[in-house]
1. How would you order 1-12, 105-116, 195-206 from highest to lowest mean count of nearby Cβ atoms within 10 Å?
2. For Ser105 and Arg36, FRET efficiency with R0 = 45 Å and r from the beta-carbon atoms, rounded to 0.05?
3. Over 23 Å between Cα atoms: which of Lys12/Lys164; Lys12/Lys167; Lys116/Lys197; Lys84/Lys164; Lys106/Lys167 fall into that group?
4. Please work out whether segment 172-220 counts as rounded, prolate or oblate from its C-alpha gyration tensor, where a ≥ b ≥ c are the square roots of the eigenvalues and a/c under 1.5 means rounded, while otherwise a/b larger than b/c means prolate and anything else oblate?
5. I want to check the label-to-label distance for Cys213 and Lys84. Put each point 7 Å from Cα in the C-beta direction and report it in nm to one decimal.
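No value in this document is a laboratory result; all are computed from the given coordinates. Fair warning: this is a prediction, and the values are worked out from it, not measured in the lab. Every residue, glycine as well, gets a Cβ built from its backbone with ideal geometry; the counts of neighbours run over all protein chains shown.
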Amino acid sequence: MVDRAGVSATIKKRYGAALRAQWLEKCAAHIEQALRELEETAGSRRPVHLETQVRLVAEQLVHSEISDSCLPSLVVEAGTQHVKELAGHPGVFLQVQSVVDVGVSKYAMWEAAREKEDFEQRGIRPSYLPQLTDEDDSGSGEANSTAATQAEASGDSHPKIPRKMLKLVLTDGQRHVSALEVEPIAQLSAELAIGSKVVVTSAQTVAGTGVLCLRAGNIRVVGGAPAQYAQQTLRARMAELLGLEDRRGT
């Protein structure tokens, strides 16, 4: 059996997420059913430790819609809609609703995302990468090795997504808050999946705006993404913002 109270308390302490009782009940019932089926197959029964229960519930949590799984956690200033500065540990569990690089034009970002997808999925090399010669295509190990070495030395072995300053829109399922990257954060990128879960701690706001200031030490990407956001790739999102018909971007 899943220890509902123990799991809920541990996830609250670890991620700052207050689970909805109804969602947790459905999640626990699903896990218990799966465990029973495993026990029947194995012909034996073993206790499932709390840490394992927490891991199994957390795996479902990161792929859930936050409004379904969690109680609202953002607090606004009295008389305004501006979010208050976020407290320290354990932080606030939020879902990424939007991410854009405000230092790069939408068209440049769309073009970079298109070239990266074409390279990864179809092997089409963008013009700024070293082009393979006929000898490279023929399978010459030495030639391929040389080309790869040259590309790596120049830092252009794969298409790159431009990187300047990211702006995110985060939600607790009820309220939304904008967040601006004020210093480079390695865990964040314009390609961060929509619906990803993050934990934000001790984040200050820009006076009079309610915009959160993100630094490397106050945001942690937990991961996951609800299935309904799977089509919202960077390429698709930029195409939509630009009003482009880009069928390969979805």
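1. Ranked from most to least packed, the peptides come out as 195-206, 105-116, 1-12.
2. Once rounded, the FRET efficiency stands at 0.25.
3. Beyond 23 Å: Lys12/Lys164; Lys12/Lys167; Lys116/Lys197; Lys84/Lys164.
4. Judged from the Cα gyration tensor, segment 172-220 comes out oblate (a/c at least 1.5, b/c at or above a/b).
5. The two pseudo-label positions are separated by 2.0 nm.
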